[in-house]
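These notes are about the structure you will find just below.
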Amino acid sequence: MSRLQRGNERRDGRTALRLHRAALAALFVAGTWLTICGDTLAQPSAPHPDFSGSWERYRGPSGDSLTPPAESTPPLRAQFAADWEKRREAARAADERGEPIATGYVHCLPDGVPSMMSGPFPFEIVQDREQMNVSQEAYSQTRRIYFDKPQLTLADIELGFYGRSVGRWDGDTLVVDTIGIKDYVRFRDVPHTPEMRIVERMHLVAPDLLWAEITIEDPSVLEKPWTTTFAYRRMPAYEIIEYVCEDNREYADDNGITRLRIGTP
């Protein structure tokens, strides 16, 4: 090989090496740019509040800004209002006589939704990205709220004590939609139809204080939506206790009055 040929080969080799290095540098710059842009585009949104933990009803002093307004009277339509008032008056009179009218508790029935959110027993929330479970200490009740799922129709679900609840986030507020409550599962003994819808708006008003604004919609029974707000205080060290209605000594007599079993039945 002549000296001229060897010189040309060396020049060609150096040229190829420079081109290879330039290509690697271009790939590195492009990869870095894509990584930066990808990180920017994939930047997660601000996390939603975590309601996990044990909670109890909070009843602060009157006028306290952290205490929700008092419960209002249900805006029942006229054909339901008179009967509701009559039942309430009968219950008050029975209590005064020491002969309380039997309720679901006498039959070991759970509160259901939304009554289980009114206390007085503590409850526990376990929350992740897909759902939130609310476990009430009384009767070991558990309701499940599924996040970002479409609500079903009444034809697609079985009526129950807790219905079907789906939730979505509106900023820092969890909005929960519930349908499918049995007709005898009542809040404050207010009647309702299968079409009743319950909408809850849950948000923290302080780091350890949760509000739940509960609105019941049932146009056939209520003249307008009925809203009640409850407040709850977080109890970091509290562990929910098992509560099973297995040795209930109460029963309802033939007149629907609560009686107490004495001795062995």
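Some notes on this structure:
- Restricting the first member to segment 219-239 and to residues that are under 17 Å from Ser115 (Cβ atoms), and the second to residues that are among the acidic types (Asp, Glu) and open to solvent by 10 Å² or more (accessible area, probe 1.4 Å), the beta-carbon pairs closer than 6 Å and six or more apart or on different chains are Thr228/Glu71; Thr229/Glu213.
- Contact annotation: residue pairs with Cβ atoms under 8 Å, 6 or more positions apart or on different chains, pairing a residue in segment 66-88 that is under 26 Å from Ala102 (Cα atoms) with a partner that is part of a helix (DSSP H, G or I) and open to solvent by less than 40 Å² (accessible area, probe 1.4 Å), are Pro74/Trp84; Leu76/Trp84.
- Matching residues in segment 181-196 - criterion: being farther than 18 Å from Lys86 by Cα and among the aliphatic types (A, V, I, L, M): Ile181, Val185, Met196
- Subset of segment 90-114 (residues that are of a type outside the set (A, V, I, L, M, F, W, C) and in contact with a Pro (Cβ under 6 Å, 6 or more places away or on another chain)): none
- Yes/no for Asp83 being closer than 22 Å to Ser52 by Cα and out of contact with any Lys or Arg (no Cβ under 7 Å at 6 or more places or on another chain): no
- For segment 233-254, the criterion of being open to solvent by 70 Å² or more (accessible area, probe 1.4 Å), in contact with a Phe, Trp or Tyr (Cβ under 7 Å, 6 or more places away or on another chain) and among the hydroxyl-bearing types (Ser, Thr, Tyr) is met by at least one residue.
- Those residues of segment 105-117 which are part of a helix (DSSP H, G or I), under 11 Å from Arg186 (Cα atoms) and touching a residue at least 60 places away in the same chain (Cβ under 8 Å), in sequence order: Ser115
- Number of positions in segment 212-265 that are over 30 Å from Ile198 (Cα atoms) and charged (D, E, K, R): 8
- In segment 228-244, the residues that are in contact with an Asp or Glu (Cβ under 6 Å, 6 or more places away or on another chain) and in a strand (DSSP E or B): Thr228, Thr229, Arg233, Arg234
- Residue that is nearest to Gly160 (Cα to Cα) [pool: residues in segment 192-213 that are assigned to a strand (DSSP E or B) and of a type in the set (Asp, Glu)]: Glu200
- Arg164 vs. criteria under 24 Å from Pro225 (Cα atoms), in contact with a Leu (Cβ under 9 Å, 6 or more places away or on another chain) and modelled with pLDDT of 95 or more: yes
- Residues of segment 221-232 classified as open to solvent by 40 Å² or more (accessible area, probe 1.4 Å) and out of contact with any Lys or Arg (no Cβ under 8 Å at 6 or more places or on another chain), total: 3
- Extreme residue, nearest to Pro150 (Cα to Cα), among residues of segment 173-190 that are out of contact with any Leu (no Cβ under 7 Å at 6 or more places or on another chain) and open to solvent by 20 Å² or more (accessible area, probe 1.4 Å): Asp177
- Of all the criteria given as (1) within 20 Å of the chain's Cα centre (by Cα); (2) at pLDDT 95 or above, the one not satisfied by Leu76 is (1).
- Selection count, segment 138-163, where residues are out of contact with any helix residue (DSSP H, G or I) (no Cβ under 9 Å at 6 or more places or on another chain) and either among the polar types (S, T, N, Q) or buried (at least 20 other Cβ atoms within 10 Å of the Cβ) (or both): 6
- The combined condition, being within 29 Å of Glu250 (Cα to Cα) and surrounded by 15 or more Cβ atoms within 10 Å (Cβ to Cβ), is not fulfilled by Pro120.
The values are calculated or read from the model by the stated rules, or taken from the named source; none is laboratory data. The structure displayed is predicted, hence computed values, not measured ones. Because the Cβ atoms are built from the backbone with ideal geometry, glycine has one as well, and the counts that use them run over all protein chains shown. Remember, those area values only see protein heavy atoms, side chains included, never the ligands or the DNA or RNA. Shrake-Rupley method; radii C 1.70, N 1.55, O 1.52, S 1.80 Å.
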